[in-house]
Structure formats: structure tokens, C-alpha cells
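The structure under discussion appears below in the form of C-alpha cells.
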Amino acid sequence: MATAKKPRAKAADRDKVDPDKVRTLEQLLATKEIVISCGSGGVGKTTTAAAAALMAATHLGGKVLVLTVDPAKRLANALGLERFGNTETRVPAEAFAAAGIEPRGELWAAMLDTKQSWDDLVARHAPDDRTREQILANSLYQNISGRFVQSHDYIAMERLYEIHQSGAYDLIVVDTPPTRNAIDFLEAPDRMAEFFSSKLLRWLTAPSKSRVMSLASKPFYTVADRILGSQFLEDIATFFSLFQTMAPGFVERAEAVTKTLADRRTTFLVVSTLEAAPLHEAEFFIEALDERKLHLGALVLNKVLPAYLRRTATTGVAKRLVADPAGLAEAVGDVGDAEDLARVLSTVGESFLNYQVVAKREAEQRAGLARSPEVVAAVPYFDADIHDLAGLLQLGEKIWR
């Protein structure tokens, strides 16, 4: 990681931008330090986050980081990297040169490693070296640290907070985990704080003898003791007793993470398609952001049908293909059997009209969603998967201005 932090080209004017005049993603990102990309799985969320970060590094300058979660291997290749992990890695200049790009700033990438991030968190909050080593060596911790109390959602926000507080980057774009409940990661910091004050944790950390004696008459715990053994229950108690020593640090940090989400320098970018399931989740998430008074900066809709399908002039052309395919086939000339040509032209016309209905329905859906975000961007279908920086740049151009 570079040691010196270079100011982003528009950072000096960051607070001078009137939020009421924000109309493009470029304007939005020029005023923010954190962009959190959200959406259900399979809607292009990770690729959109990478494209937004690329455009910021290219046009706004400074140091930009895209922090992603479990990206496809092709994304690493698209960024010109063989691989990347929990430690930030700079996208090489050669990758930009190959794409014909001369960026004003630097683009960095990191992939969230849940286990490593939890280890780092324990090292940071443990009261002393002995406690830290005991927790890290504990078999129960090693087995559950990747799944502990919504750990993936919480640690994503924790890692974001850590990097932002370091001041190393002018802009951080976070690709959040796809979850069934789109607000899981928003609630994760509060749930972590609640866990440390819960009755469950107090029971787990009670002296093992008094706990077993007080619960011996309860059938469930009697069976648990017989099946698992008292030693296992005591091991659990030991682990959580050690873990509770970090409670003050965890609670304080969780509260700080929650404040970061609500900070004016943080915005959310919701990515969706116009298919029913992801669109429903996007609408639900937008409402959740509004309820929590969190800033919704942009909505990116992927795989949207092209605008020319909605043009009135094209409707007449398609209807003519359907109404008089034979006449048009004759006008086209000798390109094969006249009847076959007429069938093809009629089918093309019918198909165009059907797509036009879908395109108009999409436009209505977009209009309904466009009332909340400051920026709404539509991305058409691409002929091929994005596999390099040039492809990310092509996507970025669709959402940038």
C-alpha cells in the first residue's frame, strides 16, 4: 500500500456540491468517501461496484479501493490481478495501459477474508496477549469464527470501518454480501452489541458448576449434558468467558460502525435487474434505508432493454412487417425463398412488438423507483461477459454520466 495519501482531484470541492443538483454518479462519488453497493445475488452487484471504483480512479483521481466479497475469478482477471485477498492490492499500470486508459488516480482491490478479519479483530480487542492467544487457539473459535453471529455481515462493515479510519483512501466502494434479507448487514453491528449484553452470553459465561446445577432439572440440558458431556459445556463457557473480555471494545466499535453508515460522507448504491424477485428485494431495501435515514445515492438497473424499443417510429415499422411481410419480401429482393423471407420478416415484427411491450413496462417500473435515489442508471445487456478493464470501463460509461 502506498504510504502517502494523495488528494482526489475534486476533494477540495466536495462540500461545495449542492446535493439537490446531483444528477450523475460522477457528481455523487465526488462528494462521498464510502459507497456501499447492495443487492441480491446474480444482479451484477460486484461488477458494478468494480466499474464504479474504476471510473472514480480514472476520472476523479486519488486512491480508490474496491472492497469485495467472494468475487468471481473473472473479476480478478478483469482488474489485471491473478488474485487478491484481505490485504489491499494495487491494480497494475499495465492493466490500464492494455485497456487504453490513463487514470488520474490509483485503483486498489481487496477481497474480504472473514476468518482473517476476525483474527485481526480479536488481536485488536483482546485485553492482553495471553487472552488473545487463548481465543485464537480455541477449537470452538476456529470452527465458528467464519459463521459466528452473522459474522460475514458484521465483519464486512468492521473491515470497511477499519480501512476508512486509516485515511489511506479517498474513496472506498464496498461490495456487500448477497443475503436473503437485504438489511442483515445493516443490523449486524447492532446485533453484535446486543449479543454482548444478552442473557445467553450471561448464561454461557456463568460459573460452570452453578450453571449445570441450576439447569440439571431441565430435560433439555440434562440430555445435552449426557450427549455432549460436561466437559464440552465447560469448554463453551471457557470460550465465551474469554470472548466477553473483549465486550467493551466490540460494543464501542459496533456503535462506531453504525455511525459510519449514517455519516453524510457515506452513500448506498442499490443494484438490481427488473426481474420480479430482485426488484422486490431492491424496493424492500430502499424502504429499509429510508426508515433508517441512510442516504440512498444511486440505483443501477442491469440488463435493461434498449431505449429505441420505446420509440413510436419503430412501432410503425414493426407493424408494417407484420401486416405486409409478402410485399416487403418482394421489395427486399432475391435473398432466398420469398415465402420463407416473408415468415422471417413477420416473426421479426411480432418479436419486436413483444419486446416493445416489455420495454415500456420496464420504463414504468424505472419511473416508479426513480423517485427515491438521486441517480438512476440503466445498463443494457452486454453481448459478452466482462473479462478485462476495457469491459469494466464500458459498463462504467453507462452509469457514470
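Would you check if Glu350 is in contact (Cβ under 8 Å) with a residue 24 or more places away in the chain and outside the structural domain of Leu75 (by TED's automatic domain parsing)? Full working, then the answer.
Values: in contact (Cβ under 8 Å) with a residue 24 or more places away in the chain: yes; outside the structural domain of Leu75 (by TED's automatic domain parsing): yes.
So Glu350 passes the test.
From the list Glu374, Glu350, exactly one residue is acidic (Asp, Glu) and either over 23 Å from Val271 (Cα atoms) or at pLDDT 85 or above (or both). Which is it? Spell out the reasoning first.
Details: Glu374 fails: either over 23 Å from Val271 (Cα atoms) or at pLDDT 85 or above (or both).
Within the list Glu374, Glu350, the selection yields Glu350.
Between a first residue in segment 170-197 that is closer than 16 Å to Pro278 by Cα and at pLDDT 70 or above and a second residue that is of a type in the set (Ser, Thr, Tyr) and assigned to a loop (DSSP other than H, G, I, E, B), which pairs have beta carbons less than 9 Å apart while being 6 or more apart in sequence or on different chains?
Pro178/Ser40
From the list Leu296, Leu328, Leu341, which residue is surrounded by 14 or more Cβ atoms within 10 Å (Cβ to Cβ) and modelled with pLDDT of 90 or more? Show your work before the answer.
Values: Leu328 fails: modelled with pLDDT of 90 or more; Leu341 fails: modelled with pLDDT of 90 or more.
Selected residue: Leu296, the only one of Leu296, Leu328, Leu341 that is surrounded by 14 or more Cβ atoms within 10 Å (Cβ to Cβ) and modelled with pLDDT of 90 or more.
Does Thr47 fit the bill of being at pLDDT 85 or above, within 19 Å of Pro380 (Cβ to Cβ), in the same structural domain as Val66 (by TED's automatic domain parsing) and not aliphatic (A, V, I, L, M)?
In short, yes.
I need every pair where a residue in segment 372-388 that is outside any strand (DSSP E or B) has its Cβ under 6 Å from the Cβ of a residue that is modelled with pLDDT under 80 and of a type in the set (A, V, I, L, M), sequence separation at least 6 or different chains.
Listed by first residue and then by second, the contacts come to Glu374/Val22.
From the list Arg361, Arg366, exactly one residue is of a type in the set (D, E, K, R) and either closer than 16 Å to Thr314 by Cα or surrounded by 15 or more Cβ atoms within 10 Å (Cβ to Cβ) (or both). Which is it?
Numbers: Arg361 fails: either closer than 16 Å to Thr314 by Cα or surrounded by 15 or more Cβ atoms within 10 Å (Cβ to Cβ) (or both).
Testing whether each residue is of a type in the set (D, E, K, R) and either closer than 16 Å to Thr314 by Cα or surrounded by 15 or more Cβ atoms within 10 Å (Cβ to Cβ) (or both) leaves just Arg366.
Would you say Asp153 is surrounded by 15 or more Cβ atoms within 10 Å (Cβ to Cβ) and either touching a strand residue (DSSP E or B) at 6+ places or on another chain (Cβ under 9 Å) or at pLDDT below 85 (or both)? Spell out the reasoning first.
Values: surrounded by 15 or more Cβ atoms within 10 Å (Cβ to Cβ): yes; either touching a strand residue (DSSP E or B) at 6+ places or on another chain (Cβ under 9 Å) or at pLDDT below 85 (or both): yes.
Judged against the criteria, Asp153 is a match.
Per-residue answers, yes or no, for (1) modelled with pLDDT under 95; (2) closer than 23 Å to Ala377 by Cα; (3) polar (S, T, N, Q):
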| position | (1), (2), (3) |
| --- | --- |
| Leu29 | no, yes, no |
| Glu33 | no, yes, no |
| Gly42 | yes, yes, no |
| Ala52 | no, yes, no |
| Leu60 | no, yes, no |
| Leu67 | yes, yes, no |
| Ala78 | yes, yes, no |
| Arg83 | yes, no, no |
| Ala98 | yes, no, no |
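Need the failing condition index for Ala72 against (1) modelled with pLDDT of 95 or more; (2) surrounded by fewer than 18 Cβ atoms within 10 Å (Cβ to Cβ), just the number.
All conditions are met except number (1).
Considering only residues that are polar (S, T, N, Q) and modelled with pLDDT of 85 or more, look in segment 234-279 and name the one that is surrounded by the most Cβ atoms within 10 Å (Cβ to Cβ).
Step one: filter segment 234-279 for residues polar (S, T, N, Q), giving 238, 241, 244-245, 258, 260, 266-267, 272-273.
Now narrow it down to the ones that are modelled with pLDDT of 85 or more: 258, 260, 266-267, 272-273.
Numbers: Thr258: 19, Thr260: 18, Thr266: 21, Thr267: 24, Ser272: 26, Thr273: 21.
Applying the filter and picking the extreme gives Ser272.
When the residues of segment 78-111 are narrowed to those that are of a type in the set (Asp, Glu) and under 22 Å from the mean Cα position of the chain (by Cα), which ends up nearest to His387 (Cα to Cα)? Break it down into steps so the answer makes sense when it comes.
From segment 78-111, those of a type in the set (Asp, Glu) are 82, 88, 94, 102, 106; that's our starting set.
Next, only the ones that are under 22 Å from the mean Cα position of the chain (by Cα) stay: 82, 88, 106.
Values: Glu82: 12, Glu88: 21, Glu106: 20 Å.
Residue satisfying both the conditions and the ranking: Glu82.
Report yes if some residue within segment 337-351 is under 23 Å from Ala50 (Cα atoms), out of contact with any helix residue (DSSP H, G or I) (no Cβ under 8 Å at 6 or more places or on another chain) and not in a helix (DSSP H, G or I); otherwise report no.
no
The values are calculated or read from the model by the stated rules, or taken from the named source; none is laboratory data. The shown structure was predicted, so the numbers you read here are calculated from the model rather than taken from an experiment. Positions of Cβ are generated from backbone atoms using ideal geometry, with glycine treated the same way; all protein chains shown enter the neighbour counts.
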